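*Asks:* Have a look at the structure that comes next, please.
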Amino acid sequence: MNFDKIIQAIHKFETIIIHRHVRPDPDAYGSQVGLSELIKQTFPMKKVYVVGEEDPSLHFLARMDTIDDSVYNGALVIVCDTANAARIDDDRYDMGDMLIKIDHHPNVDMYGDMMWVDTQASSTSEIIYDLYLYAKEKGFHMNDEAARLIYGGIVGDTGRFLFPSTTKKTFQYAAELVTYNFDRTSLYDGIYQINDNIARLRGYILQNFTLTESGMSTIKLTKGLLNKYNIEPMETGQLVGVLGDVDGIKAWVIFIEEDDQIRVRLRSKGPVINTIAAKYDGGGHPMAAGASVLTWEDTEQVVRDLDEVCKSYK
Ligand code: AMP
């Protein structure tokens, strides 16, 4: 399969609405808004919207549109970076005339009339650049803003080109993207700068993490702890990777207590952990996955599961 059918659909529809997943990250915004910029640059007469709840920490990347339900009549809807329909932000995604899924997560939920899923891609933003390279022969145009967003999405999902998902192609695309005119320093600041509260909680995690013989680490961020450091559960994305450099840690889990559930964020440097997330109705990549549980007792089972996969990992 190639991108022809997706390009035909973009040609055909006058209104295009682009969604992404809840609890967005730079790749969700980068692919969603990067694609929107590409389409707007190529087809200035089309009406293109990006929707979903805003995350203030991602305002530096883009702002979302607010649209009426009526806009969905006769529209093409494209969902970026979202493996399963339940995680699509804004549940009006099925109110258009056609639905397309573009993603790089394991294809666990085949929603939509058309899909482009490439689990080898470092990020969905990388797929949007693939789409652009294919479509440019057919008259698609990149602009500086699309390049900034796509580059930001790739940087975010590869951990600054660190994760094994980063390939020769990723570097080639990055090299092409940086030739556009955007401020890379302020983009990195937006993604990586942390406030002093987060920095102090990072310190707490580094002081207090445990390490089992199997190479597993567990961190519990209770409401009390988050309140003490004056941090919202949503801001904890900047803390999840902090144990990755500790020698001896094969995989780790961070539990974050929210109002009505406990969020489970799993990361690994070897053992496959998205199977654990799937057991708790979650999902994600083999080395970065997530789920939610209801009680602290439930988290103990997650810890046992993680210990098992770490023990059997050679
Ligand atoms: P996070 O810890 O939220 O950064 O998520 C890591 C990866 O797991 C991302 O690719 C998410 O899309 C995925 N993920 C996190 N939570 C869930 C969930 N509840 N269901 C499915 N996938 C999830």
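*Asks:* So, in nm, how far is label MET45 from label ASN230 when the simple model puts each one 7 Å beyond its Cα toward the Cβ?
*Replies:* Placing both labels 7 Å beyond Cα along the Cβ direction yields 5.4 nm.
*Asks:* For the pair GLN120 and LEU206, how long in nm is the line joining their label points, each one 7 Å along Cα→Cβ?
*Replies:* The modelled label-to-label distance comes out at 3.8 nm.
*Asks:* Please figure out what share of the DSSP beta bridges in the chain is antiparallel and state it in percent, rounded to the nearest 5. Mind showing how you got there, number by number?
*Replies:* Working: 17 of 40 bridges.
Given both bridge residues lie in the chain, the antiparallel proportion sits at roughly 45 percent.
*Asks:* Let me ask you something else. Treating cross-link reach as a plain straight distance, find the lysines whose alpha-carbon is under 24 Å from the alpha-carbon of LYS5, omitting any fewer than eight places away in the same chain.
*Replies:* Partners found: LYS40, LYS46, LYS47, LYS101, LYS136, LYS138, LYS169.
*Asks:* Now a separate question. Which trypsin sites (Lys or Arg not before Pro) in segment 92-199 pass both tests, a DSSP loop state and at most 13 other beta-carbon atoms within 10 Å? Provide the component values of the computation, followed by the final result.
*Replies:* Details: sites: ARG92, LYS101, LYS136, LYS138, ARG148, ARG160, LYS168, LYS169, ARG184; in loops: ARG160.
Counting only loop positions with at most 13 other Cβ atoms within 10 Å, the trypsin sites (Lys or Arg not before Pro) in segment 92-199 are ARG160.
*Asks:* Right, another one. Run through all the Cα pairs of segment 1-116 and give the fraction in each 5 Å bin from 0, expressed as whole percent.
*Replies:* That works out to 2, 12, 25, 26, 22, 11, 2, 0, in percent per bin.
*Asks:* Let me ask something else about it. Would you please calculate the Kirkwood hydrodynamic radius of segment 65-223 over all C-alpha pairs and express it in Å, rounded to one decimal?
*Replies:* Numbers: mean 1/r = 0.0538 Å⁻¹.
This gives a value of 18.6 Å.
*Asks:* Find which of PRO164, GLY282, MET216 sits farthest along the positive direction of the dipole of the chain, computed with +1 on the beta-carbon of Lys and Arg, -1 on that of Asp and Glu, about the Cα centre.
*Replies:* The listed residue farthest towards the positive side: PRO164.
*Asks:* Calculated FRET efficiency, GLN8 and HIS141, Cβ-Cβ r, R0 25 Å, to nearest 0.05? Before the final figure, lay out each step's value.
*Replies:* Values: r = 18 Å, r/R0 = 0.71.
Taking R0 as 25 Å, the efficiency between GLN8 and HIS141 is 0.90.
*Asks:* List the GluC sites (Glu not before Pro) within segment 1-53 that fall in a DSSP loop (any state other than H, G, I, E or B) and whose Cβ has at most 16 other Cβ atoms within 10 Å. Write down the numbers at each step before the final one.
*Replies:* Numbers: sites: GLU14, GLU37, GLU53; in loops: GLU14, GLU53.
Passing sites in segment 1-53 are GLU14, GLU53.
*Asks:* With both partners inside segment 185-314, how many of the DSSP beta bridges are antiparallel, as a percent to the nearest 5?
*Replies:* Taking every DSSP beta bridge within segment 185-314, about 75 percent pair in antiparallel fashion.
*Asks:* Over all alpha-carbon pairs of the chain, lay out the pair-distance distribution in 20 Å bins, whole %, shortest bin first.
*Replies:* Final binned percentages: 32, 57, 11, 0.
*Asks:* While we're on this one: Rounded to the nearest 20 debye, what is the charge dipole size of the chain about its Cα centre when +1 sits on each Lys and Arg Cβ and -1 on each Asp and Glu Cβ?
*Replies:* Working: 32 positive and 47 negative charges, 188 e Å.
Here the chain has a charge dipole of around 900 debye.
*Asks:* Tell me which trypsin sites (Lys or Arg not before Pro) from segment 218-252 have a DSSP coil assignment and no more than 15 other beta carbons within 10 Å of their own.
*Replies:* Loop-located and lightly packed - none at all.
*Asks:* May I pose another question? Placing +1 on the Cβ of each Lys and Arg and -1 on the Cβ of each Asp and Glu in the chain, which of GLY203, GLY34, GLN8 has its Cα farthest towards the positive end of the resulting dipole?
*Replies:* Of GLY203, GLY34, GLN8, it is GLY203.
*Asks:* A follow-up question, please. Rounded, prolate or oblate: which fits segment 194-290, taking a ≥ b ≥ c as square roots of the Cα gyration tensor eigenvalues, rounded meaning a/c under 1.5, else prolate when a/b beats b/c? Let's see the in-between values first.
*Replies:* Values: a/c = 1.98, a/b = 1.27, b/c = 1.56.
Oblate shape, in that a/c is at least 1.5 and b/c is the bigger or equal ratio.
Taken together, the values in this text are just the output of simple stated rules run on the coordinates, not laboratory data. Everything numeric in this text was worked out from a predicted model, so none of it was measured. Every residue, glycine among them, receives a Cβ derived from its backbone with ideal geometry; neighbour counts consider all protein chains shown.
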